[in-house]
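Visitor: Structure incoming, see below.
Quick note: the coordinates plus some simple rules give every number you see, no bench work behind them. Just so it is clear, the structure is predicted and the values come from calculations on it, not from any experiment. Neighbour counts run over all protein chains shown; Cβ positions are idealised from the backbone, glycine included.
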Amino acid sequence: MSYDFKTVEKKWQKYWEYKKLFKTEEKSDKKKFYLLEMFPYPSGKLHMGHARNYVIGDTLSRFFRMNGYNLLYPMGYDAFGLPAENAAIKNKINPEKWTDECINTMMEQQKKLGLSYDWDRMVVTAKPDYYKWNQWIFTKFFDKGLAYKKKAPTNFCPKDQTVLANEQVIDGKCWRCQTTVEVKELEQWFYKITEYAEELLNDIEKLTGWPERVRIMQRNWIGKSEGLSVNFPIKDSGKKIEIFTTRPDTLYGVTFMTFAAEHPLVLELVNNTEKEKEVKDFINKIVIQKRITRLEEKEKEGIFTGKYAINPLTGDEIPIYVGNFVLMEYGTGAIMCVPAHDQRDFEFAKKYNIPIKEVIQPQSIAQSSTPMNTGRDLSQRADTPSDGRPLSSAYVEEGIMLNSQQFNGINSKEAIIKISDYVEEKKIGKRVVHYKLRDWLISRQRYWGTPIPIIYCEKCGAVPVPENELPVLLPNDVEFTGEGNPLSKSASFINCKCPKCNSESRRETDTMDTFVDSSWYFERYCDPKQDKFPFSKEKVSYWMPVDQYIGGIEHAVLHLLYSRFYTKALRDLKLLDYNEPFNNLLCQGMVVKDGFKMSKSKGNVVSVDEMIDLYGADTARLFILFASPPERDLEWSDEGVHGCFRFINKVWNMAQNIKQCKIQNAECKIDGEINKDIERLRNFTIKKVTIDIQKEFHFNTAIASIMEFYNELISKQSSLSHESFKICIETLVILLSPFAPHICEEIWQLLDHSNSIISEKWPTWCEEKLKQNEITIAVQVNGKLRGQIDVNIGLSEQEIIGFAKSNEKIKKYILDKKIIKTIYVPLKILNIVVGG
RNA sequence: GCCGGGAUGGCGGAAUUGGUAGACGCAAGGGACUUAAAAUCCCUCGCUCUGUAUGGAGCAUGCCGGUUCAAGUCCGGCUCCCGGCACCA
């Protein structure tokens, strides 16, 4: 009789749900464990990437449950977002209805996979009982100055018709639709994530349970650099230019300055000069160029403004340029240029024939050369170095200072400190820190998101909606035409009264970035029905931080950084009292087929539904976990799935044998040698599976060892006592149950157990039983494997060596040779080194 | 360019602190059962040479070198692939 997975899987899914076996216990003496998977956007179709994520999580959840943890394992939906709105435009369906339908089909698919969530805690971010708290938190942030509005150049996606946060621009393109973004000057809402830049950076240290690459990515994204801000006076003008440098040791080597094209001072400088037109044309050219060729490496280009600045340390006059390689967004938008010690400046100087002044020499050259050459000044040209050394590139390493007045002769590293001190002392600049991290732009000009709870009043300005008026609900009198934000055309939504002065006012029509929704959903799971606060402090204090978070690497900066920021900001609002949301993070690899990520356009998509239909959830789960370790990419193979299907069926058939075995093997003794061997293997398998799951989540090797156990069991079947056989099958089924829960429940029942296997305790192993009397030792001669000997573990080293030497296979290699030495690694290997 | 990660049979992947390379699975080949197919079961399976006493010898973990009795694992130098960042002053 073959295994009817369809009936069995449905049966147990119903049973689990009916018995509420996955319900979270609120009060428990057990140790808590919060296991979380990144919740999905409800697109309506579960793809293999989702399935992999959840199967990894679910297997862990079942493992931890059986190991006696009080588990929180929830699921929800990141339900706001563009696809729903686009569907509304296309199919003339309400986005909410569309989303709800998608959630239902997705949930059904998840249930079919046998995932053991506590569905009572489901969080749907698009529901007013959730987004109300988004708004509530926004107003708290607003009160604290963490939410603010400003006019700024934004990343605008022309296809999605909305702005994007910096983190959502990947390679100059929209993260969602891959359209090249444009720069648009707009007044928008921001969250002040930069206020937490330093803490976000420092606390990365503490995230020891995170993959190193994610920590590095976050560190780079925050991009801290410490340096010096210096004011350079402009010649014949009362003005000064502020620049930022991380290399104060090169201050004496400055031979020109360069402004970003967008720098406001540039136009002021050239106004009413003969350079005006030339410079303006240049600026226009590169502003356009910048937008088009954002990614390609451009040749350095610039133009002289006709103006000079004064190096405040040397008094030297230095020309001011406008250049295409200076960023307005970073530092001050103007830089001092030291061609001798910066490769970009070097290239620029060579191109425009600007002097190169060397102020740092490599240690080796500084030592060998005769008394310090101080003649390298503005008259020196790049291609005519004073001491004959060819200058083919900038020297950016540390070295010995020269041409730097009182700092000559010291190490440049030391000079950084001394010159910084000197600059501060002279009050021409000060030490500063810059970050690459920008504030988080949360405004979106779309309908299907959390309305930003702000009212604009002529008299009172931007006023937050008071708590008792929250939530600001999304209106229904809207049309989805695809043009502009529907909210801005909804009269019922826009028109309102000022909460302060009650005069006719206008409501903010921007909605929030959906990453706001996902920045605290994991806290809501701890207290999903709470209606006084986003969540109670008591409950989050019990469950948070998340003990194990599982998700894709694509959120390494986006979601994971925002969530960290939120946690810190909510902590400062006294809503919670921990610093980091996720203790351990597992980033699973992609699911690929024929070498590519599964996608519709590649036509290599394998449907989850179809897999379950064809082979059942247990087989699908087993394959997903068996094919590769979780952090690596998973190469989909239909044949591989079939192999797992075979294994499931083999286990099923073996379990059917149990009754027959009782009659057949009546005379087999439980303490016979074979039973002892199998008992040793049983213990070994428990140990292997337990450690593999727990330590590195290496499900693939855990499953392999279960298969080995099966193979041995089936081959010894006829000589095992009924008791041994039964104990072994029970162990095997328990060990297999986190991976393939349905069939294991069914077999468990078949073995006359009345409880669910879920409530069964995870087995333990006995070290004593792992010991063997006899062991195989590999024997090498001069490091080459020449034979194997079976020895009693009680033998001494000398006895083993003697035994090896008398072995027929070994003999011929050591015959007539002088034994130089022997190396014996206890119970493993013996190496006999011979000479001659 | 910089920063990560990786490279092991035909394939996915295993290999404690350096200690029998290739576990487990897939594919392939051979056989059994069957009218046949599917399913199932049994055997073989890194490469080369040698050979039939069903054994033997050599070579093998991207490449080149080193350390060691012993290297997939450690050290030095490369090559290629994947990911992230990218004029960040």
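Visitor: Between the alpha-carbon centers of region A:203-256 and region A:464-516, tell me the distance in whole angstrom.
Guide: One Cα centre to the other: 41 Å.
Visitor: Hey, another quick one. Quote the relative contact order of chain A in percent (integer), defining contacts as alpha-carbon pairs under 8 Å separated by 6+ residues.
Guide: Numbers: 1459 pairs, mean separation 112.1, N = 836.
Relative CO of chain A lands at 13 percent.
Visitor: Near A:K821, which lysines are there with a Cα under 30 Å away, not counting those fewer than 8 places off in the same chain?
Guide: Counting by Cα, and skipping residues close in sequence, A:K821 has these lysines nearby: A:K771, A:K784, A:K805, A:K809, A:K811, A:K812.
Visitor: Can you list the residues, at least 5 places off or on another chain, whose amide H is less than 5 Å from the amide H of A:N782, using H built in the peptide plane?
Guide: A:I832, A:V833, A:V834
Visitor: For A:K239, list the aspartates and glutamates whose Cα falls under 12 Å from its own Cα; do not include residues on the same chain fewer than 8 positions away.
Guide: A:E268
Visitor: Let me ask another. For chain A, what does the helix formula give at 222 nm: sum of -39500 (n - 2.57) over DSSP H segments with n ≥ 4, over the residue count, nearest 500 deg cm²/dmol?
Guide: For chain A, the value works out to -11500 deg cm²/dmol.
Visitor: Ok, one more. Under the Karplus relation 6.51 cos²θ - 1.76 cosθ + 1.60, θ = phi - 60°, what is the ordered set of whole-Hz ³J(HN,Hα) values for region A:792-805, x standing for Gly and Pro?
Guide: Coupling constants for region A:792-805: 6, 5, x, 5, 7, 4, 4, 5, 5, 4, x, 4, 5, 4 Hz.
Visitor: Same structure, new question: Evaluate the relative contact order of region A:702-796 (contact order divided by residue number), counting alpha-carbon pairs under 8 angstrom at least 6 apart; express in whole percent.
Guide: Computed over region A:702-796, the figure is 16 percent.
Visitor: Which of the three applies to region A:49-156, rounded, prolate or oblate, going by the alpha-carbon gyration tensor with a ≥ b ≥ c and a/c under 1.5 meaning rounded?
Guide: Oblate is the answer for region A:49-156, as a/c is 1.5 or above yet b/c matches or exceeds a/b.
Visitor: Separate question: Of A:K173/A:K568; A:K45/A:K112; A:K6/A:K600; A:K6/A:K593; A:K31/A:K206, which sit over 19 Å apart, Cα to Cα?
Guide: A:K173/A:K568; A:K6/A:K600; A:K6/A:K593; A:K31/A:K206
Visitor: For region A:26-36, take each phi angle, set θ = phi - 60°, evaluate the Karplus expression 6.51 cos²θ - 1.76 cosθ + 1.60, and give the result in whole Hz per residue in order, putting x for glycine and proline.
Guide: After applying 6.51 cos²θ - 1.76 cosθ + 1.60, I find 7, 10, 7, 8, 5, 6, 6, 9, 9, 10, 9 Hz.
Visitor: How many angstrom lie between the Cα centre of region A:598-653 and the Cα centre of region A:436-462?
Guide: 45 Å
Visitor: Can you tell me, using C-alpha contacts under 8 Å and at least 6 residues apart, the relative contact order of region A:460-588 as a whole percent?
Guide: So the answer I get is 19 percent.
Visitor: Give the residue list of GluC sites (Glu not before Pro) in region A:1-63 that are DSSP loop and have at most 10 other beta-carbon atoms within 10 angstrom. Walk me through the numbers before you get to the answer.
Guide: Working: sites: A:E9, A:E17, A:E25, A:E26, A:E37; in loops: A:E25, A:E26.
Those that pass, being in a loop and sparsely packed, are A:E26.
Visitor: Show me, bin by bin at 10 Å from 0, the whole-percent P(r) of chain A based on Cα pairs.
Guide: Final binned percentages: 2, 10, 16, 17, 15, 14, 12, 8, 4, 1, 0, 0.
Visitor: Another question, then. Filter the cross-link list A:K350/A:K427; A:K350/A:K418; A:K151/A:K280 down to pairs whose alpha-carbon distance in this structure exceeds 28 Å.
Guide: Violating the 28 Å limit, Cα to Cα: A:K350/A:K427; A:K350/A:K418.
Visitor: Also, I was wondering about something else. Which value, in debye to the nearest 20, describes the size of the charge dipole of region A:125-229 about its Cα centre when Lys and Arg Cβ atoms bear +1, Asp and Glu Cβ atoms bear -1, and nothing else is charged?
Guide: Values: 17 positive and 15 negative charges, 63 e Å.
That gives a dipole near 300 debye.
Visitor: Whole-Hz Karplus ³J(HN,Hα) for region A:436-447, in order, using 6.51 cos²θ - 1.76 cosθ + 1.60 and θ = phi - 60°, x for Gly and Pro?
Guide: With the stated coefficients, region A:436-447 comes to 7, 4, 10, 5, 7, 7, 9, 5, 9, 8, 9, 7 Hz.
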